[in-house]
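**Student:** There's a structure below that I have some questions on.
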Amino acid sequence: MKINKRILLVLFTLFHFFQTSGYGQMTLPKVFGDNMILQRGIKIPVWGKATPGSLIVATLGKVSTKAKTDKDGKWMLHFPTFKAGGPYALKISESGKPDFAIKLTGILIGDVWLASGQSNMEWQVQQARDAPNEIAKADFPQIRFFVVEHDIKFSPESDFLAGKWKLCDTNNVKQFSGVAYYFARKIHKEKNVPIGIIQSTWGGTPVQAWTSREMQLTSSVTRAKMLASDTLTQNNVVKDSLDMIRFWDIVYHPQNNTDKTVPLPDYDDSGWTAVEMPRLVKDFGIGKYEGVMWLRKKMVLPPSFAGKNLVLNIGCPEMNYSLYFNGAEICKTIWSSNPKQSYTIPAGLVKNGENTIAIRVAMLWGGGGLNLPAENIYIVDEDAKVFLAGKWLYKTDIEPVLPKIHNYQNYPAALFNAMINPLIAFGVKGFIWYQGEANASEAYRYRELFPMLINDWRKHWHQGNLPFLYVQLANFQKEDPLPAESEWAELREAQTLTLNPFSESASRVASPSGQQ
């Protein structure tokens with residue numbers, strides 16, 4: 001008998017619904033999976049959902065324990081302490097329903113660290129120095145990573161959007177946090193125990209995004225902004241995501257066929273505004289501007305240039321740009337920090353007399369334009385050079401306005417809710433943290449904001465004063481390494497004060513007994 005494919009699809013969909021909703025079988029949070037690392041030396045917590053009022057039976061290795069679900073089907077149980085080792089299998093089922101048992105394999109007992117922060121911690125091994133050599137040597141089956149998927153929520157979640165435990169090998173290590181990987185490798189070699197890293201990171205995010213609502217309501221520094229976020233819903237996040245797609249579509253794809261018309265020599269730019277170039281948009285005298293700007297310059301080239309390949313040195317444009325010569329596209333949507341960016345202008349494009357250069361620049365995040373020095377902007381053949389500094393024309397409203405992006409990942413508690421809260425109760429050895437740039441503009445307040453985070457996480461984990469390791473911001477800014485006033489230096493000081501037992505910052509991370 002043939003079974004209609006649509007019927008099979010419906011049956012599969014129904015099975016998946018019952019499975020994931022907990023009616024067909026019990027469910028576990030995503031952090032529990034094959035090849036996971038569980039924390040040694042403590043009672044090991046495991047939790048999930050099943051039929052309300054049912055008895056849960058769990059076995060880890062040869063050790064069994066039980067728990068009963070509450071009226072909502074939630075349950076939690078604890079295995080006794082284990083020493084480092086493995087591999088073990090974990091089997092969990094409702095009493096009397098062995099067919100719906102969950103079985104996880106490849107489990108090791110060792111030390112688990114939560115690695116969090118902004119891009120410093122998110123920076124991947126494949127982006128690190130000497131990456132090919134390091135990746136080729138990354139064969140550490142007793143180091144495992146669980147990378148939490150980016151997610152934003154305005155109330156605490158019970159599970160991650162996505163994530164899976166992965167062994168550290170030459171294939172997987174590429175996308176792991178570089179800082180967390182080198183940390184795990186060192187600890188693994190020194191302690192000779194399995195190391196698990198739960199990586200929960202998001203580039204460019206402030207410390208407030210990683211701190212719970214409850215904690216932020218306790219401080220006058222954070223309370224107002226925290227309460228202001230209470231009106232937000234997931235609809236805001238969805239709209240922001242759609243706006244973000246539109247944002248980058250405008251940045252990378254000229255709108256209204258502007259790339260086919262604006263760069264042409266005979267395009268009417270009589271209504272455009274003159275500006276002395278090179279300069280950045282912040283110096284145009286138009287206030288803060290974010291959007292697509294077109295720049296044009298007409299120049300008369302020497303007769304000797306006609307019929308020759310030329311080199312156009314555009315210096316160092318800031319942000320994303322496209323370059324056109326006499327209507328022809330020379331380069332498109334370039335990001336580059338090279339101080340001397342040059343392009344060949346084919347001889348067939350070079351006219352005797354007047355020629356036209358057009359540049360499309362995405363002015364973003366307060367930046368954009370052409371950087372100094374003026375002598376780096378010119379067009380040249382093998383014998384002569386024509387400098388391009390001086391009067392240019394610009395126009396700001398040719399293409400659609402960029403939608404305003406709210407970046408809700410930066411809002412108070414938004415990442416704690418989605419990317420930290422689902423992990424709470426999972427046994428850990430401690431935390432490693434690398435963050436701070438996103439708070440540089442409020443560096444002095446970091447003296448309070450950073451200890452709040454440390455206290456917050458320790459309080460939620462109920463494992464006492466868990467180790468909290470962090471990296472200070474580097475002396476990377478132009479003011480350093482010489483001593484000078486800077487936001488980064490002030491934030492480094494705030495980080496240092498967290499260690500001082502006599503400082504106001506340190507008092508906020510001390511336990512009630514006064515112990516660090």
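**Student:** All but one of (1) open to solvent by 50 Å² or more (accessible area, probe 1.4 Å); (2) in contact (Cβ under 8 Å) with a residue 60 or more places away in the chain; (3) not acidic (Asp, Glu) hold for Asn465; which doesn't?
**Tutor:** Going through the list (1) open to solvent by 50 Å² or more (accessible area, probe 1.4 Å); (2) in contact (Cβ under 8 Å) with a residue 60 or more places away in the chain; (3) not acidic (Asp, Glu), Asn465 breaks only (2).
**Student:** Given (1) closer than 24 Å to Ser219 by Cβ; (2) under 22 Å from the mean Cα position of the chain (by Cα); (3) crowded, with 18+ Cβ neighbours inside 10 Å, identify the lone condition not met by Ser441.
**Tutor:** (3)
**Student:** Can you tell me which condition Ala209 does not meet? The list is (1) touching a helix residue (DSSP H, G or I) at 6+ places or on another chain (Cβ under 9 Å); (2) within 23 Å of Gly367 (Cα to Cα); (3) of a type in the set (Gly, Ala, Ser), and all the others hold.
**Tutor:** (2)
**Student:** Here's a follow-up. Between a residue in segment 177-191 that is more than 16 Å from Trp123 (Cα to Cα) and any residue that is open to solvent by 50 Å² or more (accessible area, probe 1.4 Å), which pairs come within a Cβ distance under 7 Å, given they are 6 or more apart or on different chains?
**Tutor:** Taking only residues 6 or more apart or on different chains, the pairs are His188/Gln142.
**Student:** Working carefully through the options Ala418, Ala425, find the one that is within 30 Å of Ala162 (Cα to Cα) and assigned to a helix (DSSP H, G or I).
**Tutor:** Going through Ala418, Ala425 in turn, just one is within 30 Å of Ala162 (Cα to Cα) and assigned to a helix (DSSP H, G or I): Ala418.
**Student:** Taking interchain pairs and intrachain pairs at least six residues apart, which have beta carbon atoms under 8 angstrom, with the first residue in segment 130-141 and under 11 Å from Asn172 (Cα atoms) and the second among the aromatic types (Phe, Trp, Tyr) and in a helix (DSSP H, G or I)?
**Tutor:** Hits for this filter: Ala138/Tyr181.
**Student:** Restricting attention to segment 260-273, which residues are of a type outside the set (Phe, Trp, Tyr), surrounded by fewer than 19 Cβ atoms within 10 Å (Cβ to Cβ), under 16 Å from Val361 (Cα atoms) and touching a strand residue (DSSP E or B) at 6+ places or on another chain (Cβ under 7 Å)?
**Tutor:** Thr273
**Student:** Let me ask something else about it. Considering every residue within segment 172-182, establish whether at least one is of a type outside the set (Gly, Ala, Ser), modelled with pLDDT of 95 or more and touching an Asp or Glu at 6+ places or on another chain (Cβ under 6 Å).
**Tutor:** The answer is no, given that none of the residues of segment 172-182 is of a type outside the set (Gly, Ala, Ser), modelled with pLDDT of 95 or more and touching an Asp or Glu at 6+ places or on another chain (Cβ under 6 Å).
**Student:** So Leu469 ticks every box in (1) on the phi < 0 side of the Ramachandran plot; (2) at pLDDT below 95 but one. Which box is left unticked?
**Tutor:** That leaves (2) as the condition not met.
**Student:** Could you look through segment 332-346, keep only residues that are within 24 Å of the chain's Cα centre (by Cα), assigned to a loop (DSSP other than H, G, I, E, B) and modelled with pLDDT of 90 or more, and pick out the one that is farthest from Cys316 (Cα to Cα)?
**Tutor:** The qualifying residue farthest from Cys316 (Cα to Cα) is Trp335.
**Student:** Moving on. Restricting to segment 378-416, what's the tally of residues that are among the aliphatic types (A, V, I, L, M), surrounded by 14 or more Cβ atoms within 10 Å (Cβ to Cβ) and within 27 Å of the chain's Cα centre (by Cα)?
**Tutor:** 5
**Student:** Across segment 142-177, what is the total count of residues that are open to solvent by less than 40 Å² (accessible area, probe 1.4 Å) and among the β-branched types (Val, Ile, Thr)?
**Tutor:** Residues flagged as open to solvent by less than 40 Å² (accessible area, probe 1.4 Å) and among the β-branched types (Val, Ile, Thr) within segment 142-177 amount to 4.
**Student:** OK, next. For segment 361-390: of the residues being assigned to a loop (DSSP other than H, G, I, E, B) and charged (D, E, K, R), which is farthest from Leu312 (Cα to Cα)?
**Tutor:** Our first condition is that a residue be assigned to a loop (DSSP other than H, G, I, E, B); within segment 361-390, this holds for 364-368, 371-373, 381-384, 388-389.
Remaining after also requiring charged (D, E, K, R): 381-383.
Working: Asp381: 9, Glu382: 12, Asp383: 14 Å.
Applying the filter and picking the extreme gives Asp383.
**Student:** Checking Leu217 against (1) open to solvent by less than 70 Å² (accessible area, probe 1.4 Å); (2) in contact (Cβ under 8 Å) with a residue 24 or more places away in the chain, which test does it fail?
**Tutor:** (2) is the only condition that Leu217 fails.
**Student:** How do the pairs read when you match residues in segment 325-346 that are farther than 14 Å from Ile379 by Cα with residues anywhere that are assigned to a loop (DSSP other than H, G, I, E, B), using Cβ under 6 Å and keeping only pairs 6 or more apart or on different chains?
**Tutor:** Final answer for the pair search is Gly327/Pro263; Gly327/Leu264; Pro339/Cys316.
**Student:** Another one. For segment 73-83, check the following and say yes or no: at least one residue is under 21 Å from Asn421 (Cβ atoms), aromatic (Phe, Trp, Tyr) and in contact (Cβ under 8 Å) with a residue 60 or more places away in the chain.
**Tutor:** No: zero hits.
**Student:** Take the residues of segment 274-297 that are part of a loop (DSSP other than H, G, I, E, B) and of a type in the set (Gly, Ala, Ser): which is surrounded by the fewest Cβ atoms within 10 Å (Cβ to Cβ)?
**Tutor:** Looking only at segment 274-297, we keep the residues that are part of a loop (DSSP other than H, G, I, E, B), and these are 278-279, 284-290.
From the residues that got through so far, the ones that are of a type in the set (Gly, Ala, Ser) too are 285, 287.
Working: Gly285: 9, Gly287: 7.
Out of the qualifying residues, it is Gly287.
**Student:** Tell me whether segment 238-245 contains one or more residues that are at pLDDT 95 or above and either touching a strand residue (DSSP E or B) at 6+ places or on another chain (Cβ under 7 Å) or of a type in the set (Gly, Ala, Ser) (or both).
**Tutor:** yes
**Student:** Just give me the residues in segment 343-373 being among the basic types (Lys, Arg) and either touching a strand residue (DSSP E or B) at 6+ places or on another chain (Cβ under 6 Å) or open to solvent by less than 10 Å² (accessible area, probe 1.4 Å) (or both), in sequence order.
**Tutor:** Passing the criteria: only Arg360.
The values are calculated or read from the model by the stated rules, or taken from the named source; none is laboratory data. Just so it is clear, the structure is predicted and the values come from calculations on it, not from any experiment. A quick note on method: Cβ atoms are made from the backbone with ideal geometry, for glycine too, and the neighbour counts reach across all protein chains shown. Keep in mind that these areas ignore ligands, DNA and RNA; they rest on the heavy atoms of the full protein, side chains included. Shrake-Rupley method; radii C 1.70, N 1.55, O 1.52, S 1.80 Å.
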